[in-house]
């Protein structure tokens, strides 16, 4: 059973395995620098459906099915799944996954959802309550724009700090300890609100939450940035990434040569005109499952700290002048089943 070493951090006694994983992205993401790493690139923004919301549901279902297929797992062999997305009532998850007949625990962490799902899956598996547990999330550019900003037909001008919501999904199946990649530890983040009110500058809103969870994880585990091949944030984008490094340096932690941000990695920021980079639940989920996990499995990477970041906002709260509370959770993923020196 996981060992609690602080209010936030848990070490896995028998580190669960990420048995299988998959990623599917849209056309724009498939034109970016990571195109070769994704399982599928879908050029139809509607994914064969009638509406964008139905498209995102289809995207999530297809991604989870791909992850199950790659692991030779049937839906009946999955004990439960943690799923969530950005839309009201998490309809991408509920409508997309309803026909799979897998017990569902719906979660919401905005763009931190993949970290949250993996953390919960690992804790449940290490406790002996799970055999195969799926963690899945998604986002879609058009559904997010409709809900959080303006209808696409409005043609609103995007600010330099704005980010492009990825049409993407990532799914992973966590199982009892067998082979790499292993989930070695998790740190549960807290809500951090520094008073940012600009919904077009979510990187600045989320960076303090990422700084908190990274600093907390390193303190609790007595690890150093040098112990990792990469410290991966979700979708801070260019602006938020720079702020994260500054915030941690002010606390005596330097991750500048280890930091990777999925929102920066997803696109060629200049050539693809995405301003500050990518965002959305599916951004970090697809980059983790498409790019990082295969490299851990092959041994090219040994250790990463995966910290997806979420802005816990709503259109109503923003219109009422509320600030943007944010959160990030850390998941230590390793090619080895024990922490060095443990």
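The values are calculated or read from the model by the stated rules, or taken from the named source; none is laboratory data. All values reported here derive from a predicted model rather than from experimental measurement. Methodologically, a virtual Cβ is constructed for each residue, glycine included, from the backbone with ideal geometry; neighbour enumeration extends over all protein chains shown.
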Worksheet item: Somewhere in region 248-255, is a residue more than 25 Å from residue 10 (Cα to Cα) and in contact with a helix residue (DSSP H, G or I) (Cβ under 6 Å, 6 or more places away or on another chain)?
Response: no
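Being closer than 22 Å to residue 336 by Cβ and out of contact with any strand residue (DSSP E or B) (no Cβ under 9 Å at 6 or more places or on another chain) is true for just one of 257, 220, 251. Which residue is that? Even if it seems obvious, please write down each step before you answer.
Details: 220 fails: out of contact with any strand residue (DSSP E or B) (no Cβ under 9 Å at 6 or more places or on another chain); 251 fails: closer than 22 Å to residue 336 by Cβ.
Testing whether each residue is closer than 22 Å to residue 336 by Cβ and out of contact with any strand residue (DSSP E or B) (no Cβ under 9 Å at 6 or more places or on another chain) leaves just 257.
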Discussion item. I need the full set of residues from region 200-232 which are assigned to a loop (DSSP other than H, G, I, E, B) and under 28 Å from residue 12 (Cα atoms), in order please.
Written reply: 222, 223, 224, 228, 229
Fill in: The one condition in (1) at pLDDT 95 or above; (2) in contact with a strand residue (DSSP E or B) (Cβ under 7 Å, 6 or more places away or on another chain); (3) surrounded by 18 or more Cβ atoms within 10 Å (Cβ to Cβ) that residue 86 fails to fulfil
(1)
Worksheet item: Restricting attention to region 294-312, which residues are under 17 Å from the mean Cα position of the chain (by Cα) and assigned to a loop (DSSP other than H, G, I, E, B)?
Response: 308, 312
Practice prompt. Among the residues of region 313-328, write down those that are part of a loop (DSSP other than H, G, I, E, B) and in contact with a helix residue (DSSP H, G or I) (Cβ under 9 Å, 6 or more places away or on another chain).
Written response: 313, 314, 322, 323, 324, 325
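Counting only residues that are closer than 17 Å to residue 235 by Cα and either touching a residue at least 12 places away in the same chain (Cβ under 8 Å) or assigned to a helix (DSSP H, G or I) (or both), how many does region 252-265 have?
Looking only at that region, the number is 9.
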Worksheet item: Of (1) in contact (Cβ under 8 Å) with a residue 12 or more places away in the chain; (2) in contact with a strand residue (DSSP E or B) (Cβ under 9 Å, 6 or more places away or on another chain); (3) more than 20 Å from residue 255 (Cα to Cα), residue 295 satisfies all except one. Which?
Response: (1)
Response to the item:
Scanning region 118-137 for residues that are more than 21 Å from residue 61 (Cβ to Cβ) and part of a helix (DSSP H, G or I), the one nearest to the chain's Cα centre (by Cα) turns out to be 119
Practice prompt. Residues being at pLDDT 95 or above, farther than 21 Å from residue 4 by Cβ and surrounded by fewer than 24 Cβ atoms within 10 Å (Cβ to Cβ): count how many of those fall in region 194-226.
Written response: 4
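Please verify whether residue 282 is in contact with a helix residue (DSSP H, G or I) (Cβ under 6 Å, 6 or more places away or on another chain) and either touching a residue at least 60 places away in the same chain (Cβ under 8 Å) or part of a helix (DSSP H, G or I) (or both), treating the condition exactly as stated.
no
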Worksheet item: In region 110-138, how many residues are farther than 19 Å from residue 20 by Cα, at pLDDT below 95 and buried (at least 21 other Cβ atoms within 10 Å of the Cβ)?
Response: 2
Discussion item. Among the residues of region 233-251, are any modelled with pLDDT of 95 or more, in a strand (DSSP E or B) and in the same structural domain as residue 299 (by TED's automatic domain parsing)?
Written reply: yes
